[in-house]
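Working notes, structure below.
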Amino acid sequence: VRELIKLFFFGKEIKFIKDEKACNEYNILIKNCLRKAKDDYFSLTEIFKNGKIVSSSSIESINNIYVGKDDLNKKIKTGIKQSIYEAISKIAKLEAPWGILTGVRPVKIVHDLMDKQIKEEGIYDILKNEYKLYPDRARLIIDVAKKQRSFIYPLSKDRFSLYISIPFCPTRCIYCSFPSNSLEVSKKYVDEYTEKLIYELTEIKKIMKNKNIYTVYIGGGTPTAIPTENLNKIIKSIYNLFGRENIKEITVEAGMPDTLTVEKLQMLRENYIERISINPQTMNLKTLETIGRMHTDKDIIRTFNLAREIGFSNINMDIIMGLPGEDISDVKNTLEIISELRPENLTVHTLAVKRVSKFRKTIDAYSLKDQNTINSMLELSKKYAKNMGLLPYYLYRQKQMLGNLENIGYSIEGKECIYNMLIMEERETIIALGAGGVSKIFYPNENRFERVPNVKSLKDYLLRTEEMVERKRKFIDTI
């Protein structure tokens, strides 16, 4: 309920009270009542301002709710959220295009409904009528799920993917919440980290000896921030242990273009890396300076063209909607330049105000756009993606996203990132290695997973690498 209310009252304090007298004339009081009526329940929400009802909504029959499950508790929770959503919607200044959904992975719901053999029209009705999604969002996640099915299914307890964390960056962006260490400060640890990571890889190979590798994703941080020989050593260790021929896809996050040299790009191609990410976030120089990036828009173009010359034919670019100070014309400029570069993948993020980011502490110092403007930015990105022949293939949401919107990954046909689909839909075991990595052990027969985190601190990881292996072994042995 708290997360649902936060969608409408972004940045406001929300309190749960036991006595209505604790509410004063400066507050809005939201009151929900669940009552039993014979063999059914109904949910009533009333909203008060200055002691007077300003909005209300009721769900008359909990039994009539259907979201693909007949579980009474699920129906009750859904009914409570529905009545709260409808009551707030009548008076709120903000819209909630994702309805009562507050989770990160809305596409998972569609996969669950498809697994129950519910037809597409039925799924659309559930999303629109029960979860209260706007029609365009309901259609979007159905299309995304349909695109993903051939990559994710059939499910298997004997298949896994690897995530390799390289937690070093040349600089830290103001919005970043990932485990990352300044390379300038932590350079002395890179060699030791490389050895510890290879040790963890070696031990994981022993544990997973009877299982089949599928994809590998090397992320961070900025993996290409570390010296070429270190990254080369890590990639070659992956191949030596798991067999390059067994890996369907391997991605390396290049992240900041100022970390990519001719030497580094050539090393990646010599290691048969086909998919990389060159992430500008924006093509506007003033914004790049504001968010803490040390490269220019011209650096991005130069690096992208260099990657093309060296032979990369599957490049992703990340951009962010709602960056401080940017308006629709800035976003259009970014999209115009990217459309000329024509990457095979484009990931469009909506800015999220993460709790551990620098941005959260200094947000009042920046000019941020309203929901309508950010939504217009997203709509513009959809048009440009379509014109570039890019279709949506994965989607996720985050807490504290501006405008209560979404992140969408676009790709040309046949260049989709399989790992992105797997990690978002949580339909396969992901073994994460390195500082800050979080493994997800999947149990297909129970449709559940267990999160097994590595420690975030670089120094702790270096001291406790063996413990990180044992944490995973305990769960892997139960699959």
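The values are calculated or read from the model by the stated rules, or taken from the named source; none is laboratory data. Because the structure is predicted, anything quoted here is derived from the model rather than measured. Note that we place each Cβ from the backbone using ideal geometry, even for glycine, and neighbour counts take in every protein chain shown. In case anyone asks, the SASA skips ligands and DNA or RNA and just uses the protein heavy atoms, side chains included. Shrake-Rupley method; radii C 1.70, N 1.55, O 1.52, S 1.80 Å.
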Task: Normalised contact order of the chain, rounded percent, pairs of Cα under 8 Å and 6 or more residues apart - done: 15
Task: Dipole in debye (nearest 20) - the chain, about Cα centre, beta carbon charges: Lys, Arg +1; Asp, Glu -1 - done: 1100
Open item on the list: Going by amide H atoms built from the backbone, whose H comes under 5 Å of the H on V216, apart from near neighbours?
Closed with: L162, E249, I250, T251
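For the chain, what class follows from the C-alpha gyration tensor (a ≥ b ≥ c being the square roots of its eigenvalues): rounded when a/c is under 1.5, otherwise prolate if a/b is larger than b/c, else oblate?
prolate
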- [ ] Quick one: what are the phi-derived ³J(HN,Hα) couplings along region 128-145, Karplus 6.51/-1.76/1.60 with θ = phi - 60°, whole Hz, x for glycine and proline?
- [x] 7, 8, 9, 8, 6, 5, 5, x, 5, 6, 4, 5, 4, 6, 5, 5, 5, 4
Open item on the list: If packing is taken as the average count of other Cβ atoms within 10 Å, what order do 72-80, 212-220 fall into, highest mean first?
Closed with: 212-220, 72-80
TODO: Report ³J(HN,Hα) in whole Hz for each residue of region 465-476, in order, from the Karplus equation J = 6.51 cos²θ - 1.76 cosθ + 1.60 where θ = phi - 60°; Gly and Pro get x.
DONE: 4, 4, 5, 5, 5, 5, 4, 6, 4, 4, 8, 4
TODO: List every residue whose amide H lies under 5 Å from the amide H of I28, counting only residues 5 or more places away in sequence or on a different chain, with H placed 1.01 Å from N in the peptide plane.
DONE: none
Task: Helix-derived mean residue ellipticity, 222 nm - over the chain, DSSP H n ≥ 4, -39500 (n - 2.57), to 500 - done: -12000 deg cm²/dmol
Open item on the list: Residue by residue through region 326-342, what is 3J(HN,Hα) from phi via Karplus (6.51 cos²θ - 1.76 cosθ + 1.60, θ = phi - 60°)? Round to whole Hz and write x for glycine and proline.
Closed with: 8, 10, 5, 5, 5, 5, 4, 4, 4, 5, 4, 5, 5, 5, 6, 6, 6
TODO: Take the solvent-accessible surface of the protein heavy atoms, probe 1.4 Å, and return the percent of it on the chain that carbon and sulfur atoms account for.
DONE: 48
Task: Ranked packing of 221-228, 193-200, 121-128, most packed first, by mean Cβ within 10 Å - done: 221-228, 193-200, 121-128
